[in-house]
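To start, the structure under review is shown below, and the notes come after it.
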Amino acid sequence: MMNGNALPFTNRRTFLKMSVSAALSLLPISAMAVQTPEHQILSFYNIHTGESLSTCYRSHGKLIHRAVGRISTIMRDHRTGEIKPVDPDLLDLLHRIVMEINTSEPISIISGYRSPETNAALRRVTRGVAKNSLHMKGRAIDIRVPGFRTEEIRELAVDLHSGGVGYYPSSDFVHLDTGPVKVW
């Protein structure tokens, strides 16, 4: 028999932790006091759609799926509207970069997820678009960070040894992915 205060399948402490984590995923970064190791926060600005997002995507080591869904939405293929779940390892890589450069500036998304159709179309008109791009798997992003040279971001990403790093100085962006460690 349950007492009047007990919740089925959980205790009060677990319920409170889950509630706080869910609430954190909805707060804008300005509503949070500081970025802490317990709460991993990322901010984005999509240059194609004009959308912005600041969210806590991981709390106490646990992924906040609702926040990852919101990030996947802002990283969607802006040409088709198609959404693919973003790789949490890519978010962790972005978070490491944000922490290293110590910025609260949003990451400018140049390209996030690309549908196979978009990727094929880009391959026809642009050099450097891989046939089996990790963008099509939600495992790659092309970025800028306001206030930082893309060369600085590239050097930091290379030093992290966490996947592929491409540098496109003429287009002023850095490609990051969660594939094998590779630099171009």
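Any idea which residue in the range 32-61 is farthest from residue 136 (Cα to Cα), counting only those that are in a loop (DSSP other than H, G, I, E, B) and within 15 Å of the chain's Cα centre (by Cα)?
51
What helices (runs of 4 or more DSSP H) completely inside the range 62-155 contain at least 3 residues that are touching a strand residue (DSSP E or B) at 6+ places or on another chain (Cβ under 7 Å) and under 20 Å from residue 50 (Cα atoms)?
Where helices (runs of 4 or more DSSP H) fall fully within the range 62-155 and carry at least 3 residues being touching a strand residue (DSSP E or B) at 6+ places or on another chain (Cβ under 7 Å) and under 20 Å from residue 50 (Cα atoms), they are 65-74.
Take the range 64-92 and flag every residue that is surrounded by 19 or more Cβ atoms within 10 Å (Cβ to Cβ), touching a helix residue (DSSP H, G or I) at 6+ places or on another chain (Cβ under 7 Å) and touching a residue at least 24 places away in the same chain (Cβ under 8 Å).
64, 67, 71, 77, 86, 91
Suppose we filter 112, 50 for residues that are modelled with pLDDT of 95 or more and surrounded by fewer than 14 Cβ atoms within 10 Å (Cβ to Cβ); which single one remains?
Step by step, each of 112, 50 is checked, and only 50 is modelled with pLDDT of 95 or more and surrounded by fewer than 14 Cβ atoms within 10 Å (Cβ to Cβ).
I'd like to check something: does the range 152-169 contain any residue that is surrounded by fewer than 14 Cβ atoms within 10 Å (Cβ to Cβ), closer than 23 Å to residue 74 by Cβ and at pLDDT 95 or above?
no
Residue under question is residue 129, and the condition is that it be buried (at least 17 other Cβ atoms within 10 Å of the Cβ) and either modelled with pLDDT under 95 or on the phi > 0 side of the Ramachandran plot (or both); does it hold?
It is true that residue 129 is buried (at least 17 other Cβ atoms within 10 Å of the Cβ) and either modelled with pLDDT under 95 or on the phi > 0 side of the Ramachandran plot (or both).
Hey, any hits in the range 106-113 for a residue that's under 18 Å from residue 178 (Cβ atoms), in contact with a Gly (Cβ under 7 Å, 6 or more places away or on another chain) and in contact (Cβ under 8 Å) with a residue 40 or more places away in the chain?
Yes, because at least one residue in the range 106-113 is under 18 Å from residue 178 (Cβ atoms), in contact with a Gly (Cβ under 7 Å, 6 or more places away or on another chain) and in contact (Cβ under 8 Å) with a residue 40 or more places away in the chain.
The values are calculated or read from the model by the stated rules, or taken from the named source; none is laboratory data. Here the structure is a predicted model, which means the values were calculated and not measured. Cβ sites come from the backbone with ideal geometry, for glycine too, and all protein chains shown count toward neighbours.
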